[in-house]
Structures are given as C-alpha cells and as structure tokens.
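Worksheet: one structure, shown below.
Every number in this text was worked out from the coordinates using simple rules, so none of it is lab data. None of the values given here were measured: they were computed from a predicted structure. Counting neighbours? That spans all protein chains shown, and the Cβs are built from the backbone with ideal geometry, glycine included.
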C-alpha cells in the first residue's frame, strides 16, 4: 500500500484560504514593520566587508516579505551583488513570487534560483550533492510547523551559514492566541499538515539544546475576529477555516468542539476592545548567529 502523501505546503483551496487570511489579518504588514525596524542594523553587521551577499528563503510563499528584506539589503549595500535562493513547496505561491519580482524594478538585477520543493527535500538534495552553497542570511518565516525533524532542520540550515551570517526563524509566540488554540485542541487540529504544533518556546528550547547563540524579538500583532462569532458571516467562516486548518470548520467538528473553540478564541486568545474581538496573533523572530 502506498504511503499517504503528507501535504505540507499550500495548494488548491489552501492557497485561497491563506491569501484571504493575509489580507484580513495584516500579518505580513506586522512582519514587514519588524523587518524595517530591526533588520537594517542586523544586515549591516551580516554584510560588513563582504564582496557578495547570498540569501536563502525557506518557505517564502508569495514573496511579499522576501521582496522587502531584499530591498533593505540592497539599500544597506547598494554596490554589493546579491543572490537569492528560494525553497517553496507551493507552485501557485512561487508563481505569485515570480510575478512580484517582475514588477519590482530593483529586484531585476538579483539572480533568483527557485527550488519548488519541501525544505526536507532541499536538505536531502544538498546533502547528496555534497557541495552546499553557503549563505549570509537565511530566513524561515511561519514554516517551521511543517518540518518533521525540528532539531535536524535547524542544525542543517545553520550549517549553511557563512561567517557572521544569521538564520532568522519567525514563529508564533509562546502563550499567544495561536499557541493557546493549537495546544488546547491539539487532538482535533494536529491531524493534517501540522502534526506537532510548535510555538517560539519549542524553537528556542531546540536552539538552546543545540548550543547556538541567538536573540529573540517579539512582533506584536492582533487582528479582528469578531466576524467569527456571527454564524451568517462568510468572512468569519473563512477565518475559522484557516485558523483551524480545515476546509469547513462547521462540518469538521462536533457542535461541542465548535462551541469550545469559539469560547476559547473569545475568552483566552483575544481581548475585547471597542466592541471588537482582537485575536492575539503575536510572533517571535529568533535570530540565530553563525
């Protein structure tokens, strides 16, 4: 009997659900704001004295955040050539990334290499070749939930860093809304692409166990989930589908589980302000030194 293929990237209806979530939540804007606040100084330290700069994005999706970070890198080192390798398992999201590059003039001079595969496949391929390309800056944004071997993945990508490089992992914050929801309902939610939910606590614990030097930056973020509590709201239904990683929240769970999730979202994962229910979607950026 053939092994079941585990979906670990966005395809089909998952792409639309993901894009809808991004538009509604403003999560990318929060990450981009963090990048503009913190990364210029980090990038200057990473690139000091180097004659070329190589960037690796792992799980870059549609590239909206990558474009911002590469632009910041170009601003910090306008005369230094930059290359970008992208590892992304979703074909549709990669197509979106390529379209974004095509309309971003400053990126035209950056050679991009796209690897449409899961991070584990990239790791296997690199190890088989034996002559791994090294990078100054590697980022893994909101994708560490999908790797099977957390310690192995961090160790591998850390091994690809050049001198003075940084590996940046952005992940949902420990004790934030996502952490509370997915840990409380792990049995019901960890049944698809995510089988072992991890927040920043698990990632930091792993980084410490590997003996790596790192620092943490909190990315504060919240978004309005009031519509989730209106049974007739299409927006609320689509948000609940994404937040619980289901194609249909209403049909996927028993009435008791649905009621429990909604109660948890309202009272433990969110704050109420000005008649709105604001979900705590805070993130943590973990910057790991070479």
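Worth pointing out:
- Residue order, fewest to most beta carbons within 10 Å, for 23, 42, 123: 23, 42, 123
- Value of [θ]222 nm, deg cm²/dmol, for the chain, DSSP H segments ≥ 4, -39500 (n - 2.57) each, nearest 500: -13500 deg cm²/dmol
- Among 220-231, 138-149, 266-277, sorting by the average number of other beta carbon atoms lying within 10 angstrom of each residue, highest first, gives 138-149, 220-231, 266-277.
- Normalised per residue, the volume of the convex hull around the Cα set of segment 188-227 (Å³): 117
- GNM flexibility winner over the chain from 89, 62, 130 (Cα, springs under 10 Å): 130
- Fraction of alpha-carbon pairs over 17 Å apart in segment 104-162 - percent: 46
- Each of 252, 199, 233 was scored by other Cβ atoms within 10 Å of its Cβ. Arranged with the fewest first, they read 233, 252, 199.
- Percent antiparallel among DSSP beta bridges (both partners in the chain, rounded to 5): 50
- Alpha carbon Rg of segment 170-290, scaled by the compact-globule rule 2.2 N^0.38 Å: 1.16
- Angle in degrees between helix 119-129 and the longest Cα principal axis of the chain, rounded to the nearest 10: 30
- The Cα-based radius of gyration of segment 56-176, divided by its Kirkwood radius, gives an Rg/Rh of 0.95.
- Two-site FRET efficiency, residue 83 against residue 24, from Cβ-Cβ distance with R₀ of 22 Å, rounded to 0.05: 0.05
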